[in-house]
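Worksheet: the structure to be examined is printed underneath.
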Amino acid sequence: MSLLTKTSLTLTFSYFFLWCFGPLVLTDYGDWLGLPLWFWFSCIGAPILVIVSLSFLLTRVAEVVGKDND
């Protein structure tokens, strides 16, 4: 399996886990700015974490590929 495929699957499963984590665990923690805390985590926090992780992983993959081409 290629590195890109593994990275894509890891990010997809991570996002799904984080998205489900919010409503399952954070339902009793109240509101923030008029919206439930699980909403902020699942709909705002999870995508941001996935984007940051993707940026980090792509930077790391680019460095590995760059070293292999030298």
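A few comments on the model shown:
- Residue in the stretch 43-59 that is among the hydroxyl-bearing types (S, T, Y), in contact with a Phe, Trp or Tyr (Cβ under 9 Å, 6 or more places away or on another chain) and open to solvent by 60 Å² or more (accessible area, probe 1.4 Å) present: no
- Here G34 meets each of (1) modelled with pLDDT of 85 or more; (2) under 20 Å from the mean Cα position of the chain (by Cα) with one exception, condition (2).
- Scanning the stretch 17-40 for residues that are open to solvent by less than 90 Å² (accessible area, probe 1.4 Å) and under 26 Å from K6 (Cβ atoms) turns up L18, C20, F21, G22.
- Candidates P47, P23, P36, filtered to the one that is in contact with a strand residue (DSSP E or B) (Cβ under 9 Å, 6 or more places away or on another chain) and of a type outside the set (A, V, I, L, M, F, W, C): P23
- The set of residues from the stretch 1-16 being within 17 Å of L49 (Cβ to Cβ) and loosely packed, with under 11 Cβ neighbours inside 10 Å comprises just one member, F13.
The values are calculated or read from the model by the stated rules, or taken from the named source; none is laboratory data. This one's a predicted model, so the numbers in the text were calculated from it and none came from an experiment. Note that we place each Cβ from the backbone using ideal geometry, even for glycine, and neighbour counts take in every protein chain shown. With ligands, DNA and RNA removed, areas are computed over all heavy atoms of the protein, side chains included. Shrake-Rupley method; radii C 1.70, N 1.55, O 1.52, S 1.80 Å.
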